[in-house]
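Have a look at the structure below, then the notes.
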Amino acid sequence: MRKPVIVGNWKMNMTVSEAKNLLADLKEKRLDTEVEAGVCTPAIDLPIAAEILEGTNIGFGGQNMHFEESGAFTGEISPTMLKDVGATYVILGHSERRDIFGEDDKLINEKLLSAFDHDLTPILCCGESLEEREANKQEERVKAQLEADLKDISESDIKKLIIAYEPIWAIGTGKTASADDAEAMCAFIRNLVAELYSKEAAEAVRIQYGGSVKPANVKELMAKENIDGALVGGASLKADDFEALVNHRG
Ligand code: 13P
């Protein structure tokens with residue numbers, strides 16, 4: 001059985017003072033322990049997340065990292081730094097990193113290999129643009145991304161991976177993919193993992209949907225067979241919404 005996993009992606013939101021308030025509010029929530037919960041904060045908020053979330057079952061992580069452990073890489077943070085602060089997750093290959101900051105599949109693959117080397121749980125994002133969806137090329141696009149991103153990733157590591165399917169046109173737009181469309185792509189991704197690895201690996205890998213997930217639509221999405229969780233932007237910035245997302249079963 002795959003454990004459901006709801007992760008907040010705060011993106012470039014929350015100063016340290018704001019983060020303190022949000023984290024303190026989250027700490028007060030009674031969250032379903034059968035659901036894995038985490039927040040991926042700006043790097044500057046990670047120490048405060050470590051401090052405030054200690055003793056809770058909310059994990060935390062980064063939104064990106066370099067693949068090297070240290071060195072002359074101005075502006076970057078490393079897997080060692082994430083581990084040292086107690087982070088367990090790292091989001092890799094988010095469409096904003098790909099589109100705004102020019103990250104390509106080769107770089108994302110190097111980061112993914114490094115994240116596994118450092119015992120972090122990567123959340124690997126993939127997803128098509130609106131043009132690709134309109135041209136019915138979404139499967140082709142996601143397949144190409146995943147084949148390249150997963151190069152040299154071992155069978156044992158793939159079982160620990162979280163894949164987040166995030167159609168770009170649904171991110172921050174209020175347009176959620178229909179639960180059926182999201183399920184169809186998550187099923188496609190699971191089949192792809194079966195083809196590239198094994199049936200066992202496909203059964204183990206967790207696949208999230210991301211894109212305008214909110215309390216009002218989380219139940220329908222999570223009811224789908226191949227959707228194991230959500231990667232949530234906007235709605236993760238409010239403690240009540242995040243609570244409702246994690247507690248979607250009850
Ligand atoms: P929204 O939930 O704000 O649409 O963002 C989705 C996302 O990009 C999560 O990584």
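Each value in this text was obtained by applying a stated rule to the coordinates, not by laboratory testing. In this text, all values refer to a predicted model and were calculated from it rather than measured experimentally. Virtual Cβ from ideal backbone geometry, glycine too; neighbours counted across all protein chains shown.
A few comments on the model shown:
- Karplus 3J(HN,Hα) series, Hz, for the stretch 95-104 with 6.51 cos²θ - 1.76 cosθ + 1.60 (x for Gly, Pro): 4, 5, 5, 5, 7, 8, 10, x, 6, 10
- Model label sites at Asp181 and Met12, defined 7 Å from Cα along the beta-carbon direction, differ in position by 2.8 nm.
- Rounded FRET efficiency, nearest 0.05, which uses the C-beta distance separating Asp152 from Lys29 and R0 of 45 Å: 0.70
- Helical segments meeting 15 Å axial Cα length and Kyte-Doolittle -0.5 threshold in the chain (DSSP H): 16-28, 105-117, 179-196
- A crude spin-label estimate for the pair Ala72 and Arg249, with each label 7 Å from Cα along the Cβ direction, gives 5.1 nm.
- Interchain or long-range residues, amide H under 5 Å from Ile77's placed H: His66
- Potential extension, Ser198-Glu51 segment - 0.36 nm per residue separation minus Cα distance: 49.0 nm
- Residues whose amide H falls under 5 Å from that of Phe60, counting only those 5 or more places apart or on a different chain, are Val39, Thr88, Tyr89, with hydrogens built in the peptide plane.
- Calculated log₁₀ intensity ratio I(q)/I(0) where the Debye formula runs over C-alpha points of the chain, q = 0.08, 0.10, 0.16 Å⁻¹: -0.27, -0.43, -1.19
- By the count of other C-beta atoms within 10 Å, a proxy for reagent exposure, Asp117, Asp45 are ordered fewest to most as Asp117, Asp45.
- For the stretch 155-161, backbone phi angles converted through the Karplus equation (6.51, -1.76, 1.60; θ = phi - 60°) give residue-by-residue couplings of 4, 5, 6, 4, 5, 9, 6 Hz, Gly and Pro being listed as x.
- Average projection area in nm² (convex hull over Cα atoms of the stretch 92-240, one quarter of hull surface): 8.7 nm²
- Spin-label model distance (nm) - Asp99 vs Ala216, 7 Å beyond Cα toward Cβ: 2.3 nm
- Compared with the rule-of-thumb size 2.2 N^0.38 Å for a compact globular protein, the stretch 170-250 has a Cα radius of gyration ratio of 1.13.
- Distant-in-sequence amide H partners of Val232 (H built 1.01 Å from N, under 5 Å): Val7, Gly8, Asn9
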